[in-house]
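*Asks:* Okay, handing you the structure first.
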Amino acid sequence: MHDVLEILAVLVLAIGAVLSVAAITTGWIMPGPGQAKVLRPRVWGYGTLVAMAGIGTFLFVGPLQGPDGNFPVAMSGMAVFAAGLYIQRQATKPARKTSS
């Protein structure tokens, strides 16, 4: 069962990384109910990439590592995941106008 969980985690992380790179490079976001809320797709892509790095660190250093996991590193991965979610939230707000 552990192997199945690892394969699923890698699959979800890979899909998230591909979708975030697509959003960063082309501005494309997968269609769905949340697509209309995202005003800045490139920022959303960066947020997703950061979140995938954080949750990947959490999973593979913490729970999927077993009892030998490194708790402080796993929790820092969770903090990075939260930062990625914050960046994604910023993508739903209009960009600031700069005065020049």
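*Asks:* What does the highest-first list of 47-54, 11-18, 92-99 look like by mean Cβ count within 10 Å?
*Replies:* Highest-to-lowest ranking by the protection proxy: 47-54, 11-18, 92-99.
*Asks:* Under the Karplus relation 6.51 cos²θ - 1.76 cosθ + 1.60, θ = phi - 60°, what is the ordered set of whole-Hz ³J(HN,Hα) values for the stretch 45-62, x standing for Gly and Pro?
*Replies:* Taking θ as phi minus 60°, the curve returns x, 5, x, 5, 5, 5, 5, 5, 5, x, 6, x, 4, 4, 5, 7, 9, x Hz for the stretch 45-62.
*Asks:* Leaving out ligands, DNA and RNA but keeping every protein chain, what accessible area does W44 have, in Å² rounded to the nearest 10, with a 1.4 Å probe?
*Replies:* 60 Å²
*Asks:* Hey, what's the chain come to in accessible area per residue, 1.4 Å probe, Å²?
*Replies:* Solvent-accessible surface per residue comes out at 67 Å².
*Asks:* Students often get this wrong, so try it: which of (i) 13, 23, 14, 11, 10, 9, 8, 7, 5, 1; (ii) 17, 39, 28, 13, 3, 1; (iii) 15, 46, 31, 8, 1, 0 is P(r) over Cα pairs in 10 Å bins from 0, in percent as calculated from the structure shown?
*Replies:* (ii)
*Asks:* Counting only Cα atoms, I'd like the Rg/Rh figure for the stretch 26-71, Kirkwood definition for Rh.
*Replies:* Ratio value, two decimals: 1.21.
*Asks:* Once phi is turned into ³J(HN,Hα) by the Karplus curve 6.51 cos²θ - 1.76 cosθ + 1.60 with θ = phi - 60°, what whole-Hz value does each residue of the stretch 85-91 show in order, with x for glycine and proline?
*Replies:* Going residue by residue, I get 5, 5, 5, 4, 5, 5, 6 Hz, with x marking Gly and Pro.
*Asks:* Please report, as a whole percent, how much of the solvent-accessible surface of the chain comes from carbon and sulfur atoms (probe radius 1.4 Å).
*Replies:* Answer for the chain: carbon and sulfur cover 70 percent of the accessible area.
*Asks:* For the stretch 1-98, what relative contact order do you get, as a whole percent, if you take Cα pairs closer than 8 Å and at least 6 residues apart?
*Replies:* In percent, rounded to a whole number, it is 30.
*Asks:* Convert each backbone phi in the stretch 17-31 into a coupling constant with the Karplus relation 6.51 cos²θ - 1.76 cosθ + 1.60 (shift: θ = phi - 60°), then list the ³J(HN,Hα) values in order as whole Hz, x for Gly and Pro.
*Replies:* Karplus-based 3J(HN,Hα) across the stretch 17-31 equals 5, 5, 5, 5, 5, 4, 5, 5, 7, 10, x, 8, 10, 4, x Hz.
*Asks:* Please list, in chain and number order, the residues 5+ apart from L39 or on another chain whose amide H is under 5 Å from its amide H, with Hs placed from the backbone.
*Replies:* For L39, whose amide H was placed from the backbone, the distant partners under 5 Å are T92, K93.
The values are calculated or read from the model by the stated rules, or taken from the named source; none is laboratory data. Here the structure is a predicted model, which is why all the values come from computation and not from measurement. A quick note on method: Cβ atoms are made from the backbone with ideal geometry, for glycine too, and the neighbour counts reach across all protein chains shown. Just the protein is used for accessible areas: all its heavy atoms, side chains included, with ligands, DNA and RNA removed. Shrake-Rupley method; radii C 1.70, N 1.55, O 1.52, S 1.80 Å.
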